[in-house]
Amino acid sequence: MAKIKGTIVVDNERCKGCGVCVASCPCDVLELSAEVNSKGYPAAQMKNPDACTGCASCAVICPDSCITVYRQKFE
Amino acid sequence: MAEVEIKKENLVYEKPKLITDNVMHYCPGCSHGTVHKLVAEVIDELGMSDKTIGISPVGCSVFAYNYIDIDWVEAAHGRALAVATAVKRLHPEKMVFTYQGDGDLSAIGTAESIHAAARGENVVAIYINNAIYGMTGGQMAPTTLLGMKTATTPYGRDPRLNGYPYKIAEMMAHLDGTTYITRQSVHTPANVRKTKKAIRKAFENALAGNGFSLVEVVATCNSGWKQSPVASNQWLEQNMLPFYPLGDIKDVKKED
Amino acid sequence: MAEKEVKLMKGNEVIAHAAIRYGCDGYFGYPITPQSEVMETLMELKPWETTGMTVLQAESEISSINMVYGGAATGKRVMTSSSSPGISLMSEGMSYLAGAELPCLVVNCQRGGPGLGTIQPSQGDYFQACKGGGHGDFHMIVLAPNSVQEMHDFVADGFDLAFKYRNPAMILADGAIGQMMEKVVLAPQRPRHTNEEIAEECKAWAACGKSADRERNVVTSLELKSEVMEQINLRLQAKYKALEENEVRYETIDCDDADYVIVAFGSSARICSATVEMARAEGLKVGLLRPITLYPFPKKAIADLAKRGVKGFLSAELNAGQMVEDVRLAVNGTAPVAHYGRQGGMMFAPDEVLNALKEKLINNK
């Protein structure tokens, strides 16, 4: 059966660690990093990459346009 | 487990083309950034980046002109809709919109806003309502809720001292010159998508010469509200939306 | 297209005719006595049907000046008119226009003040017009007409100077000039600048739609970094210095051999030209220097007269003493400087000024 999988790329240095992407993800893919970027913000990252469906909810709500989303269909 | 390939064919969402690379000065989680993206996407999708003129306010979003790659005019506090009136009347073929906060549009700018709407100017006002004055440090706005604590209502807004909040969108809906008045939010992805549709509809309304459009976006100010961005979105849902309900308030075609 | 014509009309009416003939793109205004005829005439002439000029009655003077700001920001030739209390409301707008380096024309038909004042003429807004007109270090280019013809001519001159220096310009008239009827030669119609011409002429700064061949233009007067803001201010100051070196205008009557010189502008100067005749008839060598540009002020011309040996200067103005300070600065202690004025809408007669000249200067050794 075909499976849709997604992945995201976060611009670490642009991210301000606001966390709204983490709260918006319907599949609990995201968390804020334990480390901070050069501005002192904990950037968002995938903790459960396999659960990502590429719905782009995180990217859509991100105020700083940090997230790029890719989606691929696997047979 | 097969991995998603990072390539153009798989691209679903990226930074909008008309959003510049400048790092936004807004606080983490601020609704401004989200709304800016939607405006940028709509202008690009309409193919009007060379024909759109934005009017920026005084407030946190005074620097909107650093983030969306079109020509901008910075207006004095509250005056954006007067500025927009002239720009549109002198350049009727251009798309003209203002981007204003609650103080800019509905406190100091009330007269300019009401009259541009009453005249039915073919412009769009994007009205960011977060019930507080963010840039100046979190003072009361005309839209601050009763009981809400701000820098100038430290004990909570008391109607005997500070009067009542008011809804300018509903007031504008009574004016013959207005044709599309809507209230949206960007606190969930679903609402972000609805807000984009509303902005697009408003822009098309203006381009069709159908009169004045207002897109109010009920927004958060997590610094002013002294909560985290995620908590602010929840607070908005529980406290702002009951008083500022979402949806279309007016959607008509101008009578000839 | 309208040809050159000679007509009899009011000062306020001629502003409307001159604006249309100049190719003005837009007028945004609000009624206030004694200048409402400017907008009424524009509305009667319906230039939107002939030249395509926009004429809009705004809801206040605050709105009017911000509409002017918007039009100017896109490279259009736009103007407004008002009278003293309305001009006060425009102060913020004028500071923004100067700070954003935008060209425009503002007409002030002065009335008596302060406050709501009276509707009769005065010259009480000299300070407001010439010492900035709003907050911050800036100047408006200020032209003071003393006839209906000059009201007409200064519309073109004001716009030309405004665009040459990218700075707001003001015609500082008064209710008398606005309401008087005189013969005037109207200039032939000039075509309005097209959008393409404007996009080319103003491509370095105007926010008229970002074309692919340039960066976006942002019209703003905001700059939060002090080092940069200082440079912007220095650039503005250099502009004002250039104005002071190149654009001073004034008129002299009988100053070459004058022992005493009256300095007066606008309506006051018309009255004082009769004073000069009366004085000369009595054998007194009196002359008149009439500044036409109040900013830039003809300091050098006045200083030269003082150096040449003029024994006293009388600043005759319809106010409590405003231009007299600039005369005093120019004379710089070389000779006595006095003031004579009327206020509240009262105007002086030529013999009053002559009596004041005798009392304060000639007989006052």
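Where a number appears in this text, it was derived from the coordinates with a stated rule and is not lab data. From a predicted model like this one, the values you see are computed outputs, not experimental measurements. With ideal geometry, Cβ positions are generated from the backbone for all residues, glycine too; neighbour counts draw on all protein chains shown.
Inter-label distance, B:GLN238 to B:VAL23: 3.3 nm, where each label sits 7 Å from its Cα along the C-beta direction. Compute a Gaussian network model of chain C, connecting alpha carbons closer than 10 Å, and tell me which residue from C:LEU161, C:LEU222, C:LEU236 fluctuates the most. Taking springs between Cα atoms under 10 Å, the residue moving most is C:LEU222. Across the range C:230-242, computed HN-Hα scalar couplings (Karplus, 6.51 cos²θ - 1.76 cosθ + 1.60, θ = phi - 60°) run 5, 5, 4, 4, 5, 5, 4, 4, 5, 4, 5, 4, 4 Hz from first to last residue, x flagging Gly and Pro. In terms of distances greater than 27 angstrom between alpha carbons, the cross-link table entries B:LYS37/B:LYS94; B:LYS94/B:LYS194; A:LYS47/B:LYS201; A:LYS3/B:LYS37; B:LYS8/B:LYS37 yield A:LYS47/B:LYS201; A:LYS3/B:LYS37. Cα-based values for the protein assembly as shown, radius of gyration first and Dmax second, are 30.0, 115 Å. How tilted is helix C:11-22 with respect to the longest principal axis of chain C? Cα atoms for both, answer in degrees (0 to 90, nearest 10). Taking the Cα atoms of chain C, the angle to C:11-22 is about 40 degrees. Against chain C, whose longest principal axis comes from its Cα atoms, helix C:266-281 is set at around 20 degrees.
Rounded to the nearest whole Hz, the Karplus-based 3J(HN,Hα) values (6.51 cos²θ - 1.76 cosθ + 1.60, θ = phi - 60°) of the range C:69-75 follow the sequence 4, x, x, 4, 5, 9, x, with x at glycine and proline. Close amide H partners of C:LEU294, meaning residues 5 or more places away or on another chain with modelled amide H under 5 Å apart, are C:VAL142, C:LEU143, C:ALA144. When the Gaussian network model of chain C links Cα atoms closer than 10 Å, the mean-square fluctuations of C:ARG235, C:ARG290, C:ARG166 top out at C:ARG235.
What do you get for GluC sites (Glu not before Pro) in the range C:211-282 restricted to DSSP loop and a cutoff of at most 11 other Cβ within 10 Å of the site's Cβ? Kindly include the intermediate steps, with their values, before the conclusion.
Details: sites: C:GLU215, C:GLU223, C:GLU227, C:GLU230, C:GLU244, C:GLU245, C:GLU247, C:GLU251, C:GLU277, C:GLU282; in loops: C:GLU215, C:GLU223, C:GLU247, C:GLU282.
Here the GluC sites (Glu not before Pro) that fit, given the DSSP loop and packing criteria, are C:GLU215, C:GLU282.
In chain C, the alpha-carbon atoms span a convex hull of 139 Å³ per residue. Here the Gaussian network model covers chain C, with springs between Cα atoms less than 10 Å apart; of C:LEU243, C:LEU105, C:LEU288, C:LEU243 fluctuates the most. Note on the range B:19-175: percent of Cα-Cα distances in each 10 Å bin, starting at 0 and stopping at the bin with the largest distance, equals 11, 38, 35, 14, 3, 0. Relative to the dominant Cα principal axis of chain C, helix C:299-308 is inclined by about 20°. Put +1 on the Cβ of every Lys and Arg and -1 on every Asp and Glu Cβ in chain A; which of A:SER57, A:LEU30, A:PRO42 then has its Cα farthest towards the positive end of the dipole? Farthest towards the positive end: A:SER57. What percentages make up the Cα-Cα pair-distance distribution of chain A when the bins are 5 Å wide from 0? Answer for chain A: a P(r) of 3, 19, 28, 23, 15, 7, 3, 1, 0 percent. With semi-axes defined as the square roots of five times the eigenvalues of the C-alpha gyration tensor, the equivalent ellipsoid of the range C:250-362 measures 18, 17, 13 Å, largest first.
Using a simple charge model, +1 on the beta-carbon of Lys and Arg, -1 on the beta-carbon of Asp and Glu, nothing else, what dipole does chain B show about its Cα centre, in debye to the nearest 20? The partial results should precede the final answer.
Values: 26 positive and 27 negative charges, 94 e Å.
Around 460 debye, computed over chain B.
Taking amide hydrogens as placed 1.01 Å from N in the peptide plane, the amide H of A:ALA44 sits under 5 Å from those of A:GLY17, A:SER33, each at least 5 positions away in sequence or on another chain.
Out of the range A:1-41, which GluC sites (Glu not before Pro) are coil in DSSP terms and have no more than 10 other C-beta atoms within 10 Å? Mind dumping the intermediate values first?
Working: sites: A:GLU13, A:GLU31, A:GLU35; in loops: A:GLU13, A:GLU35.
When the GluC sites (Glu not before Pro) of the range A:1-41 are filtered for loop state and at most 10 Cβ neighbours within 10 Å, A:GLU35 remain.
Peptides A:46-56, C:297-307 ranked from most to least packed give C:297-307, A:46-56, packing being the mean of other C-beta atoms within 10 angstrom over each peptide's residues.
Convex hull volume of the C-alpha atoms in the range C:61-101, normalised per residue: 52 Å³. Distant-in-sequence amide contacts of C:GLY312, defined by a placed amide H-H separation under 5 Å and a gap of 5 or more residues or a different chain, comprise C:VAL261.
The residue among B:SER228, C:SER268, B:VAL39 whose Cα reaches farthest toward the positive pole of the charge dipole of the protein assembly as shown, with charges on the beta-carbon of Lys, Arg, Asp and Glu, is B:SER228.
With viscosity 1.567 mPa s and temperature 4 °C, the Kirkwood radius over alpha carbon pairs of the range C:110-159 converts through Stokes-Einstein to a diffusion coefficient of 104 µm²/s.
The HN-Hα couplings worked out from phi for the range B:59-65 by the Karplus form 6.51 cos²θ - 1.76 cosθ + 1.60 (θ = phi - 60°) are x, 4, 8, 3, 8, 3, 5 Hz, whole numbers, x standing for Gly and Pro.
Structural descriptor for chain B: relative contact order 18 percent, calculated from alpha carbon pairs under 8 angstrom and at least 6 residues apart.
Excluding the site residues themselves, the longest part of chain B lacking any GluC sites (Glu not before Pro) in a DSSP loop with at most 16 other Cβ atoms within 10 Å is B:94-254. Checking every one of the trypsin sites (Lys or Arg not before Pro) in the range B:68-132 against DSSP loop status and a limit of 16 other Cβ atoms within 10 Å picks out no site at all.
Counting only whole DSSP H helices of chain B, the ones at least 20 Å long by C-alpha along their axis and with mean Kyte-Doolittle hydropathy no lower than -1.0 are B:31-45, B:189-207. From helices alone, chain B scores -9000 deg cm²/dmol at 222 nm; the rule is -39500 (n - 2.57) for each run of n ≥ 4 DSSP H residues, then divide by the residue total.
Pairs of Cα atoms in the range B:1-56 fall into 10 Å distance bins, from 0 up to the last occupied one, in shares of 18, 42, 28, 11, 2, 0 percent.
Simple rule: put +1 on each Lys or Arg Cβ and -1 on each Asp or Glu Cβ in the range C:5-195, find the dipole, and look at C:GLY11, C:THR80, C:THR51; the Cα lying farthest toward the positive end is C:THR51.
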